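The values are calculated or read from the model by the stated rules, or taken from the named source; none is laboratory data. Remember, it's a predicted structure, so these values are computed and weren't measured experimentally. All Cβ positions, glycine included, derive from the backbone under ideal geometry; neighbour counts span all protein chains shown.
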């Protein structure tokens, strides 16, 4: 079964919207009842326009379906390729045409993981670590070195666990140096990687403090 991951990386989300909407024209749209959670209506809509500078996108909807649309409710979308799911707040712009509705680009999306390389999950009891060297937010000339537990790893990337304290002191928009990866298949001991996503790590296997899982993609040369 394919897995979904949640991305809150704004740059990634905007680029994905642009890429997806350039290659796919139709979306499935639906809304839910606030009290029961039941789906109120579902319909196919056509992508109309995308504005990355305003952070908006527009869809074209039939007059019949437009009458069922409630601008006060959250709206859910699924691209027909089945790998891109998101919800956004109610419509922010009503055009002169009732067939066009404009929405804000959401701040988080669900993406289906279509992986070429399978991931290997590391049990927290195994306590396998990688040394990660991040740029420091406080001092540009310094780096922050942290021994991070590995959550999972593949030939393409790795997911590591960092504390809330560490997360507040490191830069996530720069390449990260990793050391201690030669144990995994054909990886070299030292690799460079970039952050693709970050989320709260719910598993308490590393203690009661707040931790975050950083999804990193290896920079292969």
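Within the range 25-42, can you find the residues that are in contact (Cβ under 8 Å) with a residue 24 or more places away in the chain and within 26 Å of the chain's Cα centre (by Cα)?
Here is the first cut: in the range 25-42, the ones in contact (Cβ under 8 Å) with a residue 24 or more places away in the chain are 26-32, 34, 40-41.
Within the range 25-42, 26, 27, 28, 29, 30, 31, 32, 34 meet the criteria.
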query: Which of the residues that make up the range 107-116 are at pLDDT 75 or above and surrounded by 17 or more Cβ atoms within 10 Å (Cβ to Cβ)?
result: 109
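Residues 60, 11, 38: which one is assigned by TED's automatic domain parsing to the domain that holds residue 103, more than 26 Å from residue 174 (Cα to Cα) and surrounded by fewer than 14 Cβ atoms within 10 Å (Cβ to Cβ)?
Details: 60 fails: surrounded by fewer than 14 Cβ atoms within 10 Å (Cβ to Cβ); 11 fails: more than 26 Å from residue 174 (Cα to Cα).
Just one listed residue meets the conditions, 38.
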- prompt: Residue check, residue 119 against (1) surrounded by 12 or more Cβ atoms within 10 Å (Cβ to Cβ); (2) more than 22 Å from residue 196 (Cβ to Cβ); (3) modelled with pLDDT under 80, all met but one. Which one?
  reply: (2)
message: If I go through the range 70-103 residue by residue, how many of them are at pLDDT below 85, within 25 Å of residue 19 (Cβ to Cβ), assigned to a strand (DSSP E or B) and out of contact with any helix residue (DSSP H, G or I) (no Cβ under 9 Å at 6 or more places or on another chain)?
response: 6
field: the range 10-34, residues that are modelled with pLDDT of 85 or more and assigned to a loop (DSSP other than H, G, I, E, B)
entry: 33
query: Does the range 193-211 include one or more residues that are modelled with pLDDT of 90 or more and more than 28 Å from residue 13 (Cβ to Cβ)?
result: no
